[in-house]
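Colleague: Let me begin by handing over the structure; questions about it come next.
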Amino acid sequence: MHEASITESLLSLALEKANEARASKVTRINLVIGELSGVVGDCVQFYFDAISKNTIASGAALSFETKPVSLRCRSCEKVFSPTNHEWACPDCRETGVEIVTGRECYMESIEVE
Amino acid sequence: MSIKVITVGEKILGANEEKAKVNKKRLDKHGILTINIMSSPGAGKTSLILSTIKHLRKKARIAVIEGDVASSVDAEKVNALSIPVIQINTAGGCHLDAFMVEPALDNLPLEKVDLLFIENVGNLICPNNFALGEDIKLMIASLPEGDDKPYKYPAMFADTDVVLLNKTDLEPYLDFNTNAFKKVVTGLNPDVIIFPVSCKSGAGLEAWFAWLESVLKGKKSK
């Protein structure tokens with residue numbers, strides 16, 4: 001359900017940027033979404049199609065670039081993908097880890113006419 | 001007509017973060033310590049708030065904002081203690097955001113408040129992504145949920161300042177491994193403070209109250 005508020009935010013951001021550029025139509029919105037962000041693309045597209053009607057972004061394609069989760073070992077700094085339930089560093093077995101990627105939730109660009 | 005690409009490079013929830021800063025500034029002006037309480041449904045958010053009110057109400061003026069998908073049962077429990085409380089019903093929404101908190105602040109006697117608890121909607125997926133204007137993010141994890149929750153909701157555990165590990169009175173009946181839980185949480189979040197407590201028996205709550213009182217004093221002296 002958080003997709004509804006995320007979609008409202010992204011529509012208003014896209015319209016703001018399009019208006020600043022004096023564009024007449026938004027054709028594509030390029031988004032970067034991490035696996036841990038909890039955002040379901042299909043859900044966002046569904047809300048977007050509904051709430052963008054009667055705006056210059058109506059009919060715009062949403063493009064989602066999904067970022068996988070990667071972790072950095074706090075001890076040896078190796079960056080790795082979590083593959084097990086221990087989330088231990090494959091090199092030094094340390095369990096202290098920092099989330100490097102996977103939490104992204106931003107608008108990279110918009111394409112306008 | 002030719003297509004033009006406009007670089008944006010901004011967080012989708014940037015507007016919420018700006019509104020949260022406005023809320024925070026307003027709360028700071030009144031010297032109010034604000035705690036955003038997050039957990040899964042049934043972990044003990046309301047129980048913790050009620051226990052803390054009973055212990056601290058003579059030392060601090062407390063107010064509560066209750067966030068729920070529907071109903072006002074939690075707000076009624078707080079109201080029964082004669083504490084100012086505002087109910088926000090999110091009408092299906094799974095989290096509170098800064099825009100919902102702003103009108104709630106309009107309806108609280110902020111000049112008469114030292115400590116504000118904001119009870120978020122019970123959910124471990126997204127509330128941490130929506131700043132409200134709080135000083136402290138607090139999570140409650142409870143033993144019946146299992147010690148593997150930090151693997152399933154790592155971002156929640158990585159963002160929080162404090163974890164209350166509730167329902168320790170059930171330890172003899174469950175397979176919850178407290179050391180394994182602490183290890184993964186502190187691995188994700190080395191600065192986190194963990195208080196094992198039982199809101200039912202009261203075990204461990206003294207340490208939480210003492211910590212909270214010291215943070216309240218720190219906020220007042222700012």
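Colleague: Taking region B:123-136 as the region of interest, how many residues are surrounded by fewer than 21 Cβ atoms within 10 Å (Cβ to Cβ) and at pLDDT 95 or above? Full working, then the answer.
Modeller: Let us first name the residues in region B:123-136 that are surrounded by fewer than 21 Cβ atoms within 10 Å (Cβ to Cβ), namely B:125, B:135-136.
Now restrict to residues that are at pLDDT 95 or above: B:135-136.
Of the residues in that region, 2 qualify.
Colleague: I'm told B:SER39 meets every condition in (1) in contact with a Lys or Arg (Cβ under 8 Å, 6 or more places away or on another chain); (2) more than 19 Å from B:GLY204 (Cβ to Cβ); (3) of a type outside the set (A, V, I, L, M) except one. Can you identify the failing condition by its number?
Modeller: (2)
Colleague: Given the residues A:LYS78, A:LYS53, which is the only one that is in contact with a strand residue (DSSP E or B) (Cβ under 8 Å, 6 or more places away or on another chain) and modelled with pLDDT of 95 or more?
Modeller: Only one candidate passes the filter, namely A:LYS78.
Colleague: Just name the residue that is nearest to A:SER9 (Cα to Cα) out of those in region B:112-145 that are free of Cβ contacts under 8 Å to residues at least 60 places away in the same chain and within 14 Å of chain A (Cβ to nearest Cβ). Step through it out loud before you land on a result.
Modeller: Of the residues in region B:112-145, the ones free of Cβ contacts under 8 Å to residues at least 60 places away in the same chain are B:112, B:121, B:125-126, B:143-144.
Applying the additional criterion that residues be within 14 Å of chain A (Cβ to nearest Cβ) yields B:121, B:125-126.
On the way: B:VAL121: 20, B:ILE125: 18, B:CYS126: 15 Å.
Looking at residues that are free of Cβ contacts under 8 Å to residues at least 60 places away in the same chain and within 14 Å of chain A (Cβ to nearest Cβ), I get B:CYS126.
Colleague: Do you know which residues across region A:55-95 are farther than 20 Å from A:GLY34 by Cβ and hydroxyl-bearing (Ser, Thr, Tyr)?
Modeller: Once the filter is applied, which keeps residues that are farther than 20 Å from A:GLY34 by Cβ and hydroxyl-bearing (Ser, Thr, Tyr), region A:55-95 yields A:THR55, A:SER58, A:SER75, A:THR95.
Colleague: Go through region A:73-100 residue by residue and tally those that are surrounded by 17 or more Cβ atoms within 10 Å (Cβ to Cβ) and not aromatic (Phe, Trp, Tyr).
Modeller: Residues meeting the conditions: 8.
Colleague: (1) away from chain B (no Cβ under 13 Å); (2) closer than 21 Å to B:GLY14 by Cβ; (3) assigned to a loop (DSSP other than H, G, I, E, B): which one isn't true of A:SER58, the others all being true?
Modeller: (2)
Colleague: Is it true that A:GLU8 is surrounded by 14 or more Cβ atoms within 10 Å (Cβ to Cβ) and either over 30 Å from B:GLY93 (Cα atoms) or charged (D, E, K, R) (or both)?
Modeller: For A:GLU8, the condition - surrounded by 14 or more Cβ atoms within 10 Å (Cβ to Cβ) and either over 30 Å from B:GLY93 (Cα atoms) or charged (D, E, K, R) (or both) - is met.
Colleague: Search region A:82-113 for residues being assigned to a loop (DSSP other than H, G, I, E, B) and of a type in the set (Asp, Glu), and hand back the single one that is nearest to the other protein chains (Cβ to nearest Cβ). Before you say what the answer is, go through the steps one by one.
Modeller: Taking region A:82-113 first, the residues assigned to a loop (DSSP other than H, G, I, E, B) are A:82-96, A:102-104, A:113.
Checking the rest, the ones that are also of a type in the set (Asp, Glu) come to A:86, A:91, A:94, A:104, A:113.
Details: A:GLU86: 8, A:ASP91: 15, A:GLU94: 8, A:GLU104: 9, A:GLU113: 4 Å.
My answer is A:GLU113.
Colleague: Hey, can you tell me all the residues within region A:7-44 that are facing chain B (nearest Cβ under 9 Å), part of a helix (DSSP H, G or I) and modelled with pLDDT under 95?
Modeller: Passing the criteria: A:LEU36, A:SER37.
Colleague: For region B:20-34, give me each residue that is of a type in the set (A, V, I, L, M) and touching a Leu at 6+ places or on another chain (Cβ under 8 Å).
Modeller: Across region B:20-34, the qualifying residues are B:ALA20, B:LEU27, B:ILE32, B:LEU33.
The values are calculated or read from the model by the stated rules, or taken from the named source; none is laboratory data. Remember, predicted model here, so these are calculated numbers, not experimental data. Glycine also receives a Cβ, built like all others from the backbone with ideal geometry; neighbour counts cover every protein chain displayed.
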